[in-house]
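Engineer: My questions will all concern the structure given below.
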Amino acid sequence: MSKTYMINGDAAAFSPRRANDKVVFKGFNLWYGDNHVLKDVNAAIKSNIVTAFMGPSGCGKSTLLRSIDRMNDIIPSCRTTGDVYIDRRNIYDTDEDVYTLRKTVGMVFQKPNPFPMSIYDNIAYGPRLHKTASGDELDKIVEESLRGAALWDEVKDRLRMNAFGLSGGQQQRLCIARALSINPEIILMDEPCSALDPIATMKIEALMRELKERYTVVLVTHNLQQAARVSEMTAFMYLGEIIEFGATRDVFENPRNGLTENYITGRFG
Amino acid sequence: MNEVQKEKLVRALLYAAVALSIVMLPIIVVWVTANGVGAISLEFLTGRPYRFEYGGIYPQIVGSLYLVSLCTLLGGPLGIASAIYLAEYAPDNVVTRTVRFFTETLAGMPSIVIGLFGLQFLVYYLKLKTSLLAGAVSLSFLMLPWTIRASEEAIKVVPREYREASLAMGATKWQTILRVVLPAAVPGIVTGVLLGMGKAIGETAVVWLTAGSGLEAFVPRTLRSPTGSLPMYIYLLATQGHTAEGLQNAFGASLVLLVMFMAMSVSALLIRNHYLRKLGP
Amino acid sequence: MRTGDMVSRILFLCASLSAVIVFLITAFLLQEGIKVLTPGFLFGMTWSPHRELFGIFPTIVGTLGVVVGAVVIATVIGIPSSIFLSEFSPFWVRNIIKSSVEVIVGIPSVVIGFFGLTVLVPFIRDHVGGRGESILAGWIVLAFMILPNLITIAEDSLRAVPRSYREASLALGATKWQTVRNVVLPSASSGIRAALVLGVGRAMGETMAVLMVVGNPETPWIPTGILDRVRMLTSTIAIEFSYAEWGSTHQHALFAIGVVLFFMVAALNFIATFVIRRRNIQ
């Protein structure tokens, strides 16, 4: 009674050993107060692929994701030991500037969260903030970002419209476009489709496959089928630890760990 | 009488209570309008008071407007800044709780006490004399806690998701506040400030002690000149006038004051209702 | 980021301004009034500035008489109103009434006093008795003025009661009114009590409207009936400051009244805050 998963075409041909490391966790631990949420995480996320993190609720996958752009820092009781390297730079070094870091890493949240502004202003927010462009250049960036998120054709005639006029799926693609506007190298996606209908989900999954050409995509999902569909590498987490991490086809077709197998076959979730 | 009948009776009584609560508003509006309309004329609105009970109220209208504008200029930004601090930056410690406690205390202060303080501190100690400046500053003491409360509410209501999205793009806390939180909170803040202005324009006790006798026949020339105001004018004519014309003028001034007050309050509520729909899905 | 630190520091200074102002008020008032604050002042029966007699006991009694009566009236009308708004009214009705209440709060008190003086006072004089200017007039005027605040705070407390309590009661077969009386009201009781205390504070601080309708006799006496004329603490200050000589005992006495008012109102606010806090701890 085992489930079969559709592994995507690129993943079938993927070989971890031949890819470059983009984000590397070394002995990384995280506490919220006394709660030891991430335990001795060692993992290498490769560049220009989609890496999925899956696991039951509370396993720490979202926390791990947010450690990459240090969004956990916002919570006062957060404490970490160990290192996280992006391109061999330790982002948890004391003199690292968290604001520059966040310009390199874009984030898309579970529930679409556009600003209460026009579509144009939403995308322009990042470049205006960091003063990277203005005037015509800004128009160009907005267009490119919207194209990159496969949203341009749908909204090009109503850029001045309020973002809340869009459907849920469109709003999420808007948030993706907004993340693209600051020209990041890494895109983090925290269960981006959980608030969306199946058709919108399909569009965003297709988008992920396009995005990996130019960016490194890290995905957190509670949907096993999604992980199998879109990622080249998958990590399975349980209670704050990475139990298994490898090429998606290996993890799904030949899991090495009993826990992983139980999770994949649906014995718990 | 069974429970269902009791319920109906109770509902009827509650309706009656509510009706009583708000009935005075239309009564006063109608009463002031009916009695005051007769006094309104171009001469009344542009003339100056003379011999106490006669003449027009132009200096009083201008005086009230000056007082309220100046007081808002002083108290508005300060109140908003305080609210930003309390809503976004203040840690949960003794110092913060003390600041909040004092803000609440100031909010509950009787206006006559504020007037007394204004008299003592501004008029005498700082030698500002009974003046537009002293009156406006005293009014701003009164306005400050209202502005803080309304602005803090408006800022707190802005959803957390906006802040997260901004921070995730590399913005600092202050950039997030300036570019996302405040713009979203502006309608609520404007509503609060307008409501405060409405209250300030009708404020008598404070201006009585600090701004001028009320029956000034001239528009204040400088910040240090004493200034008339509509509330003082109304009070003096209502309590010490003995002619029919004086009474009529008091009604006229009341109507003008009421109109100005309603304009500010109603526009405040309209703004809030309009933007309440825009904020978020 | 350095700008962030500086910003937070500047904002903190702004926020502490309220504290500074309150502190200054206390300091200045005390400085001026402390010399006069004696038991003879607080319990003295005669207030007669030209005879250098400054006893405010009748004024205190007069103030309390008007305030307590007004609060009772406001409670009788206001609490049921707040119950209606919170429990029995459809959304749009509640919106309209709450907005009206917000407007009523700000109506210039001098206009209300004007109404009281020209309509209420003659009415009382012709149909009830006395001079018209009376405690009774003060009750009506003041009750109307504190109603909006009372209703707002009480209604907030009622709405803060979790919906699950109501649902549980209704699921057991209770009517809406039974639910309100037996479940919602008790839950909200500390908030409502706080609303009442704050209402008293607000009433004590009201100056203009009551001033115009309670009579303000030259030498106030302890009132014996609701048609008596009285003086209020607030109005005494307002009326007399303009002819009190600068630096005279008379002026100090007026400041002393200010001090008394300040502390009474501050104490009431303090009580209200702690009454509310007890609910949160529970």
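Readers should treat all values here as calculations from the given coordinates under stated rules, not as data from a laboratory. A quick note: this is a predicted structure, and the numbers were derived from the prediction, not measured. Counting neighbours? That spans all protein chains shown, and the Cβs are built from the backbone with ideal geometry, glycine included.
Engineer: May I ask you to list the residues of the stretch A:91-119 whose amide nitrogen lies under 11 Å from a point 7 Å from Cα along the Cα→beta-carbon direction of A:SER194?
Structural biologist: A:110-111
Engineer: Below 8 Å, C-alpha to C-alpha, sequence gap of six or more: please give me the relative contact order for the stretch B:41-279 in percent.
Structural biologist: 28
Engineer: While we're looking at this one, here's another question. Pairing the Cα long axis of helix C:135-159 with the longest principal axis of chain C, what angle in degrees results, from 0 to 90 and rounded to the nearest 10?
Structural biologist: On a 0 to 90 degree scale, this one is about 30.
Engineer: Round to a whole angstrom and tell me the spacing of the C-alpha centers of the stretch C:224-255 and the stretch A:1-42.
Structural biologist: First find each Cα centre; the distance between them is then 79 Å.
Engineer: Say the cut-off is 30 Å between C-alpha atoms; which of A:LYS46/A:LYS111; A:LYS22/B:LYS156; B:LYS8/B:LYS199; A:LYS103/A:LYS156 go over it? Don't jump to the answer; show the numbers that get you there.
Structural biologist: Details: A:LYS46/A:LYS111 26 Å; A:LYS22/B:LYS156 38 Å; B:LYS8/B:LYS199 38 Å; A:LYS103/A:LYS156 26 Å.
Violating the 30 Å limit, Cα to Cα: A:LYS22/B:LYS156; B:LYS8/B:LYS199.
Engineer: Need one number: nm distance between label points at A:SER167 and B:VAL94, each 7 Å from Cα along Cα→Cβ, rounded to one decimal.
Structural biologist: 5.9
Engineer: If amide H atoms are built 1.01 Å from N in the plane of the peptide, which residues on other chains or at least 5 residues away come under 5 Å of the amide H of A:GLU241?
Structural biologist: Here A:LYS39 satisfy the definition.
Engineer: Which value in nm describes the separation of the simple spin-label points at A:GLN110 and C:THR273, placed 7 Å from the Cα toward the beta carbon?
Structural biologist: Once both label points are built, they end up 3.7 nm from each other.
Engineer: Using a Gaussian network model on chain C with a 10 Å cutoff between Cα atoms, which of C:SER48, C:SER16, C:SER86 fluctuates the most?
Structural biologist: In this elastic network of chain C, the residue with the biggest mean-square fluctuation among C:SER48, C:SER16, C:SER86 is C:SER16.
Engineer: Could you bin all the Cα-Cα distances of chain A into 5 Å bins starting at 0 and give me the percent of pairs in each, rounded to whole numbers?
Structural biologist: 1, 6, 13, 17, 18, 17, 13, 9, 5, 2, 0, 0
Engineer: Round to a whole angstrom and tell me the spacing of the C-alpha centers of the stretch A:46-90 and the stretch C:147-161.
Structural biologist: Result: 45 Å between the Cα centres.
Engineer: Specify which residue in the list C:SER164, C:SER48, C:PHE84 is farthest towards the positive end of the charge dipole of chain C, using unit charges on the beta carbon of Lys, Arg (+1) and Asp, Glu (-1), about the Cα centre.
Structural biologist: Sorting the options by dipole projection puts first C:SER164.
Engineer: Let me ask you something else. Full extension from A:TRP31 to A:PHE268: what is 0.36 nm times the residue separation minus their Cα-Cα distance, to one decimal in nm? Walk me through the numbers on the way to the answer.
Structural biologist: Details: separation 237, 0.36 × 237 = 85.32 nm, distance 2.56 nm.
In short, 82.8 nm is gained.
Engineer: While we're on this one: Could you work out which residue, out of C:GLN178, C:GLN251, C:GLN31, moves most in a Gaussian network model of chain C, that is, has the largest mean-square fluctuation with Cα springs under 10 Å?
Structural biologist: C:GLN178
Engineer: Here's something else I'd like to know. Checking the a/c ratio against 1.5 first, then a/b against b/c, what shape does the Cα gyration tensor give for the protein assembly as shown?
Structural biologist: Note, shape of the protein assembly as shown comes out prolate.
Engineer: Rounded, prolate or oblate for the stretch B:41-279? Axes are the square roots of the Cα gyration tensor eigenvalues, ordered a ≥ b ≥ c, and the cut-off for rounded is a/c under 1.5. Present the calculation step by step, with values, prior to reporting the outcome.
Structural biologist: On the way: a/c = 2.89, a/b = 1.91, b/c = 1.52.
Here the stretch B:41-279 falls in the prolate category.
Engineer: Per residue, what volume in Å³ does the convex hull of the Cα atoms of the stretch A:108-173 enclose? Intermediate values should be presented prior to the final figure.
Structural biologist: Numbers: hull volume 5.6 nm³, N = 66.
About 85 Å³ per residue, rounded to a whole number.
Engineer: How large is ³J(HN,Hα), in whole Hz, for each residue of the stretch C:181-186 in order, when computed from phi with the Karplus curve 6.51 cos²θ - 1.76 cosθ + 1.60 and θ = phi - 60°, using x for Gly and Pro?
Structural biologist: Taking θ as phi minus 60°, the curve returns 5, 9, 10, 5, 4, x Hz for the stretch C:181-186.
Engineer: With +1 assigned to the C-beta of every Lys and Arg and -1 to the C-beta of every Asp and Glu, and no other charges, what is the dipole magnitude of chain C about the Cα centre in debye, to the nearest 20?
Structural biologist: Numbers: 20 positive and 15 negative charges, 200 e Å.
I would put it at about 960 debye.
Engineer: Here's something else I'd like to know. Can you give the FRET efficiency to the nearest 0.05 for A:GLU253 and A:ARG209, using r as the Cβ-Cβ distance and R₀ = 22 Å?
Structural biologist: Result of the calculation: an efficiency of 0.60.
Engineer: If you take the charge dipole of the stretch A:1-157 about its Cα centre, with +1 on Lys and Arg Cβ and -1 on Asp and Glu Cβ, which of A:LEU138, A:PHE109, A:ALA150 is farthest toward its positive end?
Structural biologist: Highest projection toward the positive end goes to A:PHE109.
Engineer: Additional query: Could you state the orientation-averaged shadow area of the convex hull built on the Cα atoms of chain C, in nm² to one decimal?
Structural biologist: Values: hull surface 83.4 nm².
Directional mean of the projected Cα hull area for chain C stands at 20.8 nm².
Engineer: A follow-up question, please. Out of C:TRP221, C:PHE123, C:GLN178, whose Cα points farthest toward the positive end of the dipole of the stretch C:31-281 (charges: +1 Lys, Arg; -1 Asp, Glu; placed on Cβ)?
Structural biologist: C:GLN178
Engineer: Please give me, ordered by residue number, the GluC sites (Glu not before Pro) of the stretch C:1-109 that lie in loop per DSSP and have at most 10 other Cβ atoms within 10 Å.
Structural biologist: Passing both the DSSP loop test and the Cβ count: C:GLU52.
Engineer: Karplus couplings for the stretch C:85-95 from phi (6.51 cos²θ - 1.76 cosθ + 1.60, θ = phi - 60°), rounded to Hz, Gly and Pro as x?
Structural biologist: Whole-Hz 3J(HN,Hα) from phi for the stretch C:85-95: 4, 7, 10, 10, 9, x, 3, 6, 5, 4, 4.
Engineer: What list do you get for C:SER190, A:SER181, C:SER157 if you sort them by fewest beta carbons within 10 Å?
Structural biologist: C:SER190, C:SER157, A:SER181
Engineer: Taking a cut-off of 26 Å, what percent of all Cα-Cα pairs in the stretch C:145-282 are separated by more than that? Don't skip to the answer; put the middle values down first.
Structural biologist: Working: 4277 of 9453 pairs.
It works out to 45 percent of all Cα pairs.
Engineer: Still on this structure: Relative to the longest principal axis of chain A, what angle (0 to 90°, nearest 10) does the C-alpha long axis of helix A:168-180 take?
Structural biologist: Helix A:168-180 and the main axis of chain A meet at about 90 degrees.
Engineer: If you don't mind, there's one more thing I want to ask. Can you give me the C-alpha center-to-center distance between the stretch C:57-83 and the stretch A:154-228, rounded to a whole angstrom?
Structural biologist: 60
Engineer: Let me know the shape class of the stretch B:30-183, please: from the alpha-carbon gyration tensor, a ≥ b ≥ c as square roots of the eigenvalues, rounded when a/c is under 1.5, otherwise prolate if a/b is greater than b/c, or oblate. Please list the in-between numbers first.
Structural biologist: Working: a/c = 2.89, a/b = 1.89, b/c = 1.53.
It is prolate, given that a/c is not under 1.5 and a/b is the larger ratio.
Engineer: Turning to a different aspect of this structure: Run the helix sum for the protein assembly as shown: -39,500 (n - 2.57) per DSSP H stretch of 4+ residues, divided by residue count, reported at 222 nm to the nearest 500 deg cm²/dmol.
Structural biologist: -19000 deg cm²/dmol
Engineer: Dipole of the stretch C:196-282, Cα-centred, from +1 at each Lys and Arg C-beta and -1 at each Asp and Glu C-beta, to the nearest 20 debye?
Structural biologist: Roughly 600 debye, rounded to the nearest 20.
Engineer: Subtract the Cα-Cα distance of C:ASN182 and C:THR3 from 0.36 nm times their separation in residues, and report this length gain in nm to one decimal. Numbers along the way, then the final one.
Structural biologist: Details: separation 179, 0.36 × 179 = 64.44 nm, distance 5.46 nm.
Extra length available between C:ASN182 and C:THR3 comes to 59.0 nm.
Engineer: Using a Förster radius of 60 Å, what is the FRET efficiency between C:LYS98 and A:ASP21 based on their Cβ-Cβ separation? Nearest 0.05, please.
Structural biologist: The formula returns an efficiency of 0.50 here.
Engineer: Normalised by the number of residues in chain A, what is the relative contact order in percent for Cα pairs under 8 Å and 6+ residues apart? If you can, show how the numbers build up before the last one.
Structural biologist: Numbers: 509 pairs, mean separation 82.2, N = 269.
So the answer I get is 31 percent.
Engineer: Take the stretch A:17-115, compute every pairwise Cα distance, and split them into 5 Å bins from 0; I just need the percent in each bin.
Structural biologist: For the stretch A:17-115, the pair-distance distribution reads 3, 11, 22, 26, 22, 12, 5, 1, 0.
Engineer: Of the candidates C:ALA195, C:ALA244, C:ALA19, which one comes out as most mobile in a Gaussian network treatment of chain C with C-alpha springs shorter than 10 Å?
Structural biologist: Between C:ALA195, C:ALA244, C:ALA19, it is C:ALA19 that shows the largest mean-square fluctuation.
Engineer: With +1 on the Cβ of every Lys and Arg and -1 on the Cβ of every Asp and Glu, and nothing else charged, how large is the dipole of the protein assembly as shown about its Cα centre, in debye rounded to the nearest 20?
Structural biologist: So the dipole magnitude of the protein assembly as shown works out to roughly 540 debye.
Engineer: Please work out how much length the chain gains when fully extended from B:LYS6 to B:ARG51, using 0.36 nm per residue of separation minus the C-alpha to C-alpha distance, in nm with one decimal.
Structural biologist: Computed gain between B:LYS6 and B:ARG51 is 10.0 nm.
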